[in-house]
Amino acid sequence: MHAISLERKHALHSVAATRTLEAAAAAGLPAHTLMRRAGAATARLALALAPHARHVWIACGRGNNGGDGLEAALCLHLAGRAVSVTWLGEPDAAPADARAAWQRASEAGVVFAPGPPTDLGPGDLCIDALLGIGLSASALPGGGPPRHAPSGALQELLQALRTSQAMVLAVDVPSGLDADTGQYADGFAPDSIPMAPRHTLSLLTLKPGLFTAQGRDACGSVWLDDLGCGALAPRATAQLGTEHPVNARPQAPHASHKGSFGDVAVVGGEGLAARGMGMTGAAWLAARAALHGGAGRVMVALLDEGATTAPPWPELMLRRVDALDWPQLTAVCGCGGGEAVRAVLPAALARAPRLVLDADGLNAVAGDGALARALRARADAGLASILTPHPLEAARLLQCTTAQVQANRLAAAQALAGRYACTVVLKGSGSVTASPGELPVINARGNARLATAGTGDVLAGLIGARLAQGLTPHQAASSAVQAHGAAADHWPAHQALTASALAAALQ
Ligand SMILES: NC(=O)C1=CN([C@@H]2O[C@H](COP(=O)(O)OP(=O)(O)OC[C@H]3O[C@@H](n4cnc5c(N)ncnc54)[C@H](O)[C@@H]3O)[C@@H](O)[C@H]2O)[C@@H](O)CC1
Ligand SMILES: Nc1ncnc2c1ncn2[C@@H]1O[C@H](COP(=O)(O)OP(=O)(O)O)[C@@H](O)[C@H]1O
Ligand SMILES: [K+]
């Protein structure tokens, strides 16, 4: 068992892949072995997390997730801890593994109670073993009418777990969360994020939904126990984090020059005169990020007809759009581009060998079939493209709703990558980077301090810098997303995170 370190990459497996592994592992082991291992691992982690707990309360569901909880109860009871269990199952209806676990726990004298102890305090521990990966798919958003509405008893126990002052350890997955998508099933979303500390012990594999959409809030700290079956794991569904080089500069040869690190041109920043909304700041932010991200030279082509503006940072060079030497550039197009960016896109799409398309650049492509075809054609011409939509921009590109994008972020990012034959970063908590033929990467870094205007422009500029320095689009995008998130994670608690400060803090 180990805590999931965000410094390393990890394989992620869908529920289907985990079921395949479970079946292969169970076939080679005596009956009930996996559940006993799962219960023992849960008990070990419980003792480590709450060594001085006066009470451990375990809420167990009807299925095998509940069986894991019963096995954990037995281990904790045998270790001399004060344990009580609330089990929603019935011996005659329980799956075989869970029934055996109930029998062993009962025979050993584990205490069963209808609900949690009334005096659970902050030093105590609750274990959530209500629902695991068996959560019914038909209850998931977009999956039709729920087959099982959460019963009153299940709701009461979930509520007790979520409002308890005691730390909560979720077995395998927080109950009600879909382990593939990170979305709660209908009727299971909490009213607010619980205040008590939370841990999740994922069993056999790490699942993608633990790290994207609602997953990170639901899980708290994530741990993994492969139950001794890691060697049997099938091909990963996705990857958590990336180990690609952060900044090529420290390893660069002494005989480098500024041309060795690529030219980035940021094209965006519609002027105030166009539609009464000045967005030049977005272009400057992207350019500053490209500079701090290690690009050799950074140019800015503002879509600000007639205005002559001095760059806010003297390292940046101004260019008119018609003076851009597209074939030599990595273009970052769209940041604050407004309506004006549409006119530039045919040239950028046709001529830029490396292109990052953000914000209004994406909206223009979503609303214009010719631009969409030009984007799609870039792959066949050997030109590299990266799209960086937030969920609403992704929904426009996919002609669906934001809720449908969020319902399965991994699938949405992969669908976009397929449709446009390029790399896609679907932003938001647990950003997903997907590229044709590559394992998608979920980023587990970053936090809600990034939810401030301009941080997306900073990301686009940083991706541009990495692409300019020679990383592949998939490497450039996934490593930039990770560095962007890590900068937010390391941000001093007492300092405001603003987009321009973030750009300057990048490495
Ligand atoms: N069988 C095995 O070999 C192993 C199973 N393991 C555990 O077993 C879990 C999976 O067990 P199961 O397949 O039994 O599934 P779960 O225990 O996750 O859930 C199934 C139960 O929940 C109910 N349910 C499903 N969706 C519901 C909904 N929307 N509302 C209300 N009730 C709902 C079902 O009717 C069933 O009673 C894993 O998450 C893991 O904790 C682990 O012990 C590893 C080994
Ligand atoms: N709650 C959050 N957790 C993690 N990352 C976040 C969160 N909110 C925003 N971000 C990140 O901040 C950036 C915001 O980008 P975007 O929505 O395009 O904003 P803007 O257009 O204002 O720059 C993205 O990289 C996104 O993933
Ligand atoms: K659970």
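Between the residues LEU70, ALA41, PRO117, the greatest Cα displacement towards the positive end of the dipole of the stretch 1-156, with unit charges on the Cβ of Lys, Arg, Asp and Glu, is found for ALA41.
Setting aside same-chain residues fewer than 8 positions from LYS427, which lysines have a Cα under 30 Å from its Cα? The qualifying lysines are LYS9, LYS207. Simple rule: put +1 on each Lys or Arg Cβ and -1 on each Asp or Glu Cβ in the stretch 2-240, find the dipole, and look at LEU240, ALA100, ILE133; the Cα lying farthest toward the positive end is LEU240. For the stretch 60-102, with all protein chains in place and a probe radius of 1.4 Å, 50% of the accessible heavy-atom surface sits on carbon or sulfur. Straight Cα distances below 20 angstrom link LYS258 to none of the lysines, with same-chain residues fewer than 8 positions distant left out. Computed over protein heavy atoms with a 1.4 Å probe, the carbon and sulfur contribution to the accessible area of the stretch 382-425 reaches 57%. Placing +1 on the Cβ of every Lys and Arg and -1 on the Cβ of every Asp and Glu, with nothing else charged, gives the stretch 2-240 a dipole about its Cα centre of roughly 440 debye.
Compute, for the chain, the length of the dipole vector about the Cα centre, with Cβ point charges of +1 (Lys, Arg) and -1 (Asp, Glu) only. Units Debye, rounded to 20. Each step should come with its number before you reach the end.
Details: 37 positive and 37 negative charges, 173 e Å.
Around 840 debye, computed over the chain.
Spatially, the stretch 288-306 and the stretch 211-241 are offset by 38 Å when compared through their Cα centroids. Within the shell defined by Cβ-Cβ distances under 12 Å, the residues around GLY338 carry a net charge of -3, with Lys and Arg each +1 and Asp and Glu each -1.
Using the Cβ of THR388 as centre and a radius below 10 Å, the other residues enclosed give a net charge of -2, where K and R count +1 and D and E count -1. Ranked by solvent-accessible area (1.4 Å probe, protein heavy atoms only, all chains present), the residues VAL15, VAL321, VAL432 order from largest to smallest as VAL321, VAL15, VAL432.
When the charge dipole of the chain is built from unit charges on Cβ atoms (+1 for Lys and Arg, -1 for Asp and Glu) and taken about the Cα centre, the candidate among VAL264, ALA503, ALA487 whose Cα reaches farthest toward its positive end is VAL264.
Solvent-accessible surface of the stretch 262-505, averaged per residue with a 1.4 angstrom probe and all protein chains in place: 36 square angstrom. Helix content alone sets the calculated 222 nm mean residue ellipticity of the chain: runs of n ≥ 4 DSSP H residues at -39500 (n - 2.57) each, divided across all residues, give -11000 deg cm²/dmol. Net charge in the neighbourhood of VAL298 (other residues with Cβ under 12 Å of its Cβ; Lys, Arg +1, Asp, Glu -1) is +2.
The values are calculated or read from the model by the stated rules, or taken from the named source; none is laboratory data. From a predicted model like this one, the values you see are computed outputs, not experimental measurements. In this analysis, Cβ positions are derived from the backbone assuming ideal geometry, glycine residues included, and neighbour counts consider all displayed protein chains. Each accessible area value is taken on the protein alone, full model and side chains, heavy atoms only, with ligands, DNA and RNA left out. Shrake-Rupley method; radii C 1.70, N 1.55, O 1.52, S 1.80 Å.
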